[in-house]
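*Asks:* Provided herewith is a single structure, encoded as structure tokens, for subsequent inquiry.
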Amino acid sequence: MKRHYDDQLKKLRNEVNVCNIDIVDSIKFFLRESNIHTSGIPKDVEKEVTTNLNRFKSECRCSSKLHI
């Protein structure tokens, strides 16, 4: 099952490596996937997504703010 996610995981890692805000789209993809399948996404995929998200959070900064 993890092979199904290989391209998306690679994209996510690349986004984190360059601090690309498009990581949000990747996270949305994995969130949708976890809701589509009754068993969710595989634990190893979930762990890799979480690891990359935490890395992004600790190493990258967003420069713009939402003004309401």
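*Asks:* Which one of 60, 27, 40 is farthest out on the positive end of the charge dipole of the chain, using unit charges on Cβ (Lys, Arg +1; Asp, Glu -1) and the Cα centre as origin?
*Replies:* Highest projection toward the positive end goes to 60.
*Asks:* For a test of understanding, tell me how many lysine pairs in the chain have Cα atoms under 16 Å apart, given they are 8 or more places apart or on different chains.
*Replies:* 12
*Asks:* Suppose every K and R has +1 on its Cβ and every D and E has -1 on its Cβ; what is the size of the dipole of the chain about the Cα centre, in Debye to the nearest 20?
*Replies:* 140 debye
*Asks:* For a test of the definition: using alpha carbon positions, the gyration tensor, and the 1.5 limit on a/c, classify the chain as rounded, prolate or oblate.
*Replies:* Since a/c reaches 1.5 and a/b is larger than b/c, the shape of the chain is classed as prolate.
Every number in this text was worked out from the coordinates using simple rules, so none of it is lab data. Bear in mind the structure is a predicted one, so any value in this text is a computation, not a measurement. Please note: Cβ atoms are built from the backbone with ideal geometry, for glycine as well, and neighbour counts cover all protein chains shown.
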